[in-house]
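**Q** What follows is a structure written as structure tokens; I'll ask about it next.
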Amino acid sequence: MSNQYEKITKKNTKTFYYSTIFFPNNIKNKVFLLYSFVRTIDNLVDSKKPKTKNFYFIKKEFFNSIKAKKKSKLKVINDFLALVKEKKLEKEILDYLETQEKELKVKKYKKIKDFNDFTYGVAGTIGIMMAKILDLPKKSYQSAKKLGQSLQIINNIRDIFEDFQRGKIYIPEELLNKYQLNHKNFLDIKNREKLYQVIKELLLKAKNLQEQAKKDFKLFNKKKLLPIKIACDLYNLIAKKISKNPELIFSGKKLKPNFFEIISVIVKNFLLIYVFNKKN
């Protein structure tokens, strides 16, 4: 499989890339391909001016390739479709595309349920697809979904201000109302302390989802567990920084682990899994 997908992953997400590289090669390349396909879609949808025509072109190409069983004009679609068929990812990728199609029109979320549906559609689906690529048993799928949703919530918190600047509000107004806030005033300086309470509640939600997901880590062998643990800990570093200093979300810089933090997380988990853990 072409290493162009590894290059795409490395270019767009250091956090995900530096965990994925520890998968065995046969798994790693499939994960890079999965990321490259969803990144292609996300780049079209997740921008100030969504590229709607391009999205529907790719969607049409994808479905035509499935129905007519003919090759697409785009290599990433052909390669990804082969993976979809091999690992039976049809339901998850359809849910993912449906959610992204809604994202072309939705600017803000009112209900907590709608936000939960969003985190499932763009990240819970990817968690399940990852579980299938890793050949995990079906009983792990719910945990995989929750893990994906957990990491997505952390992403949404980190990008609150950036998303607002491009006209998107992911924090559901139902949650904001709980703290006497709404979509019009939640970013006002005078309301910062209330907003930080909202962020605290969302971070707790992400933590609880992760704790539930970790119950199935026993299903992983060491080679599969290491990358997952690294990814979780790198995202949790972001969550801890925000929890300690919520003002960071207004810094104008993308909050992410630095090189030394990445190395520290990798070494720590390698020791815990391969040196101190006698199982698997």
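The values are calculated or read from the model by the stated rules, or taken from the named source; none is laboratory data. If you're wondering where the values come from, they're calculated on a predicted model, not measured in any experiment. For neighbour counting, all protein chains shown are included, and Cβ atoms are generated from backbone atoms with ideal geometry for every residue, glycine included. Note: accessible area is taken over every heavy atom of the protein model, side chains too, but ligands, DNA and RNA are not part of it. Shrake-Rupley method; radii C 1.70, N 1.55, O 1.52, S 1.80 Å.
**Q** Starting from region 19-37, keep only residues that are within 12 Å of ILE126 (Cβ to Cβ), then list their pairs with residues that are of a type in the set (A, V, I, L, M) and part of a loop (DSSP other than H, G, I, E, B) whose Cβ atoms are within a distance under 9 Å, requiring at least 6 positions of separation or different chains.
**A** VAL31/LEU134; LEU34/LEU89
**Q** Does at least one position in region 221-230 carry a residue that is open to solvent by less than 50 Å² (accessible area, probe 1.4 Å) and not in a helix (DSSP H, G or I)?
**A** no
**Q** Given the residues LEU203, LEU136, LEU147, which is the only one that is under 30 Å from LEU225 (Cα atoms) and in contact with a Ser or Thr (Cβ under 6 Å, 6 or more places away or on another chain)?
**A** Being under 30 Å from LEU225 (Cα atoms) and in contact with a Ser or Thr (Cβ under 6 Å, 6 or more places away or on another chain) holds for just one of LEU203, LEU136, LEU147, which is LEU203.
**Q** Here is a further query. Which residues, counting only those in region 231-277, are under 30 Å from ILE189 (Cβ atoms) and outside any helix (DSSP H, G or I)?
**A** Across region 231-277, the qualifying residues are ASN245, SER251, GLY252, LYS253, LYS254, LEU255, LYS256, PRO257, ASN258.
**Q** Also, I was wondering about something else. Find the residue count for region 203-220, including only residues that are open to solvent by less than 60 Å² (accessible area, probe 1.4 Å) and either of a type in the set (D, E, K, R) or in a helix (DSSP H, G or I) (or both).
**A** Matching residues across region 203-220 total 8.
**Q** Among (1) in contact with a helix residue (DSSP H, G or I) (Cβ under 8 Å, 6 or more places away or on another chain); (2) at negative phi; (3) at pLDDT 95 or above, which single condition is LYS88 missing?
**A** Answer for LYS88: the failing condition is (2).
**Q** Identify, by number, the condition in (1) touching a residue at least 40 places away in the same chain (Cβ under 8 Å); (2) buried (at least 16 other Cβ atoms within 10 Å of the Cβ) that LYS254 doesn't meet.
**A** (2)
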